[in-house]
Amino acid sequence: MKDKIKNAKSIEELQALYTDTFGKNGTMTAKLKTMANLSNDERAVINAENSELRQLFKEKQTELENAALNAKLATEYVDVTLDNEPENRGTLHPLTQSLKELSAIMESFGFTLWTGPEIEDDWHNFTALNTPEYHPARDMQDTFFLENGNVMRTQTSAIQIRAMEKHGAPIKIFAIGSTYRKELDATHSCMFGQMEGLYVDKNITMSDLIGTLRSMLSKFFERDIEIRIRPSYFPFTEPSVEFDMKWGDKWLEMGGAGMVHPNVLKNCNIDPNEYQGFAFGFGWDRMAMIKYGLNDLRKFYDGDIRWLKNSGF
Ligand code: PHE
């Protein structure tokens, strides 16, 4: 038996031998059963044999297990130098990235994020913004009307009203959100992202507005940005301007701005004799387009994963 144990080639073979020895009908088991009738010397012999065999089985088992492990290690190793399947790592959508960057910039200037609903009532989207019904300026924005008289928010300016109604003055907020208009071409989509800024306090001037716009654009585009303002018209600001930024040798239209119209302040129960402020609004998805060198705004919203991948985001 000892030789058989020593020569066992596998765990299975060893287990069979073990059963033959120590199993119910095993040879050693039989011997142990006879012990009661034997002399002390004879018992000592059997006991010695018993422990010797157990020891042998134990050693052989360890040896066979180690051999099996080594064999496995020799064949099943992981080659860490092998190239992996390319990892499909997710990235943030360029719009999400820009949104986060812009928010961080505005917050660093002391503006607080404010939000509002995308389905807006007439009061917040138009009337309170000094654009009562039949005001010709309503035609500036091709509005989607809902059957109940509400509209798909055409401008984040609606959020100015919500913020001032709730918070009063002084107030310094920005808002980012989707807005909707009936227009569609390469630079316009029915849905686009706007960002609004509003700063109402006791001594706010146009220079604060210009400084804020210039610093914001410079931070976002990570370079010194030159801007210019042109006279314009919005019902809710007076004076009103449009602002452009210099990009290469071109001037790009960025958005609208101005000093908050006294009627707008009054509509929000703020005394225009005590407070004044500036407001601005622009398409932040357009800013993302410029930053990332894209030429079709609609691609942002197609949800085409191939485009996202090929754009290197
Ligand atoms: N809401 C205007 C637009 O959508 C932009 C704007 C915002 C102008 C704030 C002035 C002040 O065109």
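Of the residues that make up the stretch 57-75, is at least one among the aromatic types (Phe, Trp, Tyr) and out of contact with any helix residue (DSSP H, G or I) (no Cβ under 8 Å at 6 or more places or on another chain)? Write out each step before concluding.
Going through the stretch 57-75, the residues among the aromatic types (Phe, Trp, Tyr) turn out to be 57.
So of that shortlist, the ones also out of contact with any helix residue (DSSP H, G or I) (no Cβ under 8 Å at 6 or more places or on another chain) come out as none.
Looking for residues that are among the aromatic types (Phe, Trp, Tyr) and out of contact with any helix residue (DSSP H, G or I) (no Cβ under 8 Å at 6 or more places or on another chain), one finds none in the stretch 57-75, hence no.
Collect the residues in the stretch 71-92 that are in a helix (DSSP H, G or I) and surrounded by 10 or more Cβ atoms within 10 Å (Cβ to Cβ), keeping them in residue-number order. First the steps, then the outcome.
Step one: of the stretch 71-92, the residues in a helix (DSSP H, G or I) are 71-75.
Listed by number, the residues that qualify are Ala71, Lys72.
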Residues in the stretch 241-263 that are within 12 Å of Val200 (Cβ to Cβ) and either touching a Ser or Thr at 6+ places or on another chain (Cβ under 8 Å) or surrounded by fewer than 16 Cβ atoms within 10 Å (Cβ to Cβ) (or both) total 3
- prompt: So is Met164 at pLDDT 95 or above, closer than 17 Å to Gly256 by Cβ and not in a loop (DSSP other than H, G, I, E, B) or not?
  reply: no
Residue pairs within 9 Å by beta carbon, gap of at least six or interchain, first lying in the stretch 123-146 and among the acidic types (Asp, Glu), second at pLDDT 85 or above, listed first then second, are Glu133/Asp122; Glu133/Phe126; Glu133/Thr127; Asp142/Thr154; Asp142/Arg181; Asp142/Lys182
Pairing a residue in the stretch 252-277 that is polar (S, T, N, Q) with any residue that is within 10 Å of the ligand (Cβ to nearest atom), where Cβ atoms lie under 7 Å and the two sit 6 or more apart in sequence or on different chains, gives Gln276/Met259; Gln276/Val260
From the option list Tyr233, Tyr199, single residue qualifying as in contact with a strand residue (DSSP E or B) (Cβ under 9 Å, 6 or more places away or on another chain), open to solvent by 50 Å² or more (accessible area, probe 1.4 Å), closer than 18 Å to Arg162 by Cα and in contact (Cβ under 8 Å) with a residue 12 or more places away in the chain is Tyr199
Among residues of the stretch 110-131 being more than 19 Å from Thr179 (Cα to Cα) and exposed (fewer than 15 other Cβ atoms within 10 Å of the Cβ), the residue nearest to the chain's Cα centre (by Cα) is Thr112
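Which of the following residues is touching a Lys or Arg at 6+ places or on another chain (Cβ under 8 Å) and open to solvent by 30 Å² or more (accessible area, probe 1.4 Å): Glu238, Glu274?
Numbers: Glu238 fails: touching a Lys or Arg at 6+ places or on another chain (Cβ under 8 Å).
Within the list Glu238, Glu274, the selection yields Glu274.
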For the stretch 1-28 the number of residues that are of a type outside the set (Lys, Arg), exposed (fewer than 15 other Cβ atoms within 10 Å of the Cβ) and over 19 Å from Ala68 (Cβ atoms) is 6
By residue number, the members of the stretch 29-66 that are in a helix (DSSP H, G or I), of a type in the set (A, V, I, L, M) and surrounded by 12 or more Cβ atoms within 10 Å (Cβ to Cβ) are Leu32, Met35, Val45, Ile46, Leu53, Leu56, Leu64
- Item | So Thr81, is it β-branched (Val, Ile, Thr) and within 30 Å of Arg306 (Cα to Cα) | yes
Among residues of the stretch 128-150 being within 13 Å of the ligand (Cβ to nearest atom) and outside any helix (DSSP H, G or I), the residue modelled with the lowest pLDDT is Gln141
Condition set open to solvent by less than 50 Å² (accessible area, probe 1.4 Å) and polar (S, T, N, Q), scope the stretch 98-109, selection farthest from Glu196 (Cα to Cα): answer is Ser98
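The values are calculated or read from the model by the stated rules, or taken from the named source; none is laboratory data. As the structure is a prediction and not an experimental result, all values here were calculated from the model. Positions of Cβ are backbone-derived with ideal geometry, glycine not excepted, and every protein chain shown enters the neighbour counts. Just so you know, the surface numbers come from the protein's heavy atoms only, side chains and all, with ligands and any DNA or RNA stripped out. Shrake-Rupley method; radii C 1.70, N 1.55, O 1.52, S 1.80 Å.
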